[in-house]
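*Asks:* Sharing a structure here in structure tokens format.
The values are calculated or read from the model by the stated rules, or taken from the named source; none is laboratory data. Everything quoted here is computed from the prediction, not taken from an experiment. Glycine also receives a Cβ, built like all others from the backbone with ideal geometry; neighbour counts cover every protein chain displayed. In case anyone asks, the SASA skips ligands and DNA or RNA and just uses the protein heavy atoms, side chains included. Shrake-Rupley method; radii C 1.70, N 1.55, O 1.52, S 1.80 Å.
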Amino acid sequence: EGKRFEPDAADIVREVGNQTAGICLIDLNDPEASLSATGNDGAGGGLGGAEGDSLVSIPDFVPAPTPAPPTICFPGDQTVEVLGHGLITMNSLKLGDMISVGRGEYAKVFSFGHYDSNVKAGYLQIHARHLEQPLEISNDHMVFVEKDSYEKAVPASAVTLGDKLVLASGGSVVVTKILTVERTGAFAPFTTSGKVAVNGVVVSSYVSLQEKS
């Protein structure tokens, strides 16, 4: 008793009911004081509390920006091979699953960069000769291609017609067509090897950090 009130974040009160009312003034040394809205002309009711008590002005409510669509994912209907279970869709994948990463090897899923069954996002749909299902992948996700007899991870957006995608079974297939599609769901599994085999194609678990020119 007799101790001055020390404001912290929990004491900040925001008025969101009427954005045109101006700003709220809060007497932090008298939490029981009534609030008043002050318009642009400065008119408005007064606040309780002793003269000289500190007042904090709270800006009008500003809606949070709409989150950008994910850019490092796969849609939910893309397939992965789980050890002991065979092929499953990406939206059925769980933490701890051992999944194919190519050439007969498997690695554990230890996290997800995204795991959202409802979000809508744009993907590249990459067709290749002898590939049963096209690979659908976000622009910035890394995919392995064969260049001059060695494998190199490049952003999916950098793949062009004639490039060779690396297959989980070994060998490669030639890209014949690239489309842009919209799909529901965004999933980005991280494995202990840093790779994932999606629709039979070896991709990275990670995203490109290269700046676009």
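*Asks:* Of all residues in the stretch 86-110, which are exposed (fewer than 15 other Cβ atoms within 10 Å of the Cβ) and aromatic (Phe, Trp, Tyr)?
*Replies:* 110
*Asks:* Now for a different question. Going by what's in this entry, would residue 108 be described as assigned to a strand (DSSP E or B) and either of a type in the set (D, E, K, R) or free of Cβ contacts under 8 Å to residues at least 12 places away in the same chain (or both)?
*Replies:* yes
*Asks:* Can I ask one more? Within the stretch 148-162, which residues are buried (at least 20 other Cβ atoms within 10 Å of the Cβ) and not small (Gly, Ala, Ser)?
*Replies:* Selection gives 155, 159.
*Asks:* Could you check the stretch 153-181 and list, in sequence order, the residues that are of a type in the set (S, T, N, Q) and either over 28 Å from residue 120 (Cα atoms) or in a strand (DSSP E or B) (or both)? Spell out how you get there, then give the answer.
*Replies:* Residues of the stretch 153-181 that are of a type in the set (S, T, N, Q), as a first pass: 157, 160, 169, 172, 176, 180.
Hits for the stretch 153-181 are 169, 172, 176, 180.
*Asks:* Quick one: would you say residue 114 is at pLDDT below 90, in a strand (DSSP E or B) and touching a Pro at 6+ places or on another chain (Cβ under 6 Å)?
*Replies:* Working: at pLDDT below 90: yes; in a strand (DSSP E or B): yes; touching a Pro at 6+ places or on another chain (Cβ under 6 Å): yes.
Taking the combined requirement at face value, the residue satisfies it.
*Asks:* Do you know which residues across the stretch 122-142 are in a loop (DSSP other than H, G, I, E, B) and either open to solvent by less than 20 Å² (accessible area, probe 1.4 Å) or of a type outside the set (Asp, Glu) (or both)?
*Replies:* Passing the criteria: 129, 130, 131, 133, 134, 138, 139.
*Asks:* Here's a follow-up. Given (1) surrounded by fewer than 17 Cβ atoms within 10 Å (Cβ to Cβ); (2) over 24 Å from residue 194 (Cβ atoms); (3) in contact with a strand residue (DSSP E or B) (Cβ under 7 Å, 6 or more places away or on another chain), identify the lone condition not met by residue 113.
*Replies:* Against the list (1) surrounded by fewer than 17 Cβ atoms within 10 Å (Cβ to Cβ); (2) over 24 Å from residue 194 (Cβ atoms); (3) in contact with a strand residue (DSSP E or B) (Cβ under 7 Å, 6 or more places away or on another chain), residue 113 comes up short only on (2).
*Asks:* Here's a follow-up. Restricting attention to the stretch 150-171, which residues are more than 26 Å from the chain's Cα centre (by Cα) and among the basic types (Lys, Arg)?
*Replies:* Passing the criteria: only 164.
*Asks:* Also, I was wondering about something else. List pairs: first in the stretch 180-195 and in contact (Cβ under 8 Å) with a residue 40 or more places away in the chain and among the basic types (Lys, Arg), second open to solvent by 70 Å² or more (accessible area, probe 1.4 Å) and in a strand (DSSP E or B), Cβ under 8 Å, 6+ apart or cross-chain?
*Replies:* Note: pairs meeting the criteria are 183/120.
*Asks:* Among the listed residues 47, 83, identify the single one that is surrounded by 15 or more Cβ atoms within 10 Å (Cβ to Cβ) and either farther than 25 Å from residue 131 by Cβ or modelled with pLDDT of 95 or more (or both).
*Replies:* Checking each option against the conditions leaves just 47.
*Asks:* Follow-up. Looking at 145, 175, 119, 181 in this structure, which one is within 17 Å of residue 77 (Cα to Cα) and either at pLDDT 95 or above or open to solvent by 60 Å² or more (accessible area, probe 1.4 Å) (or both)?
*Replies:* The match here is 181.
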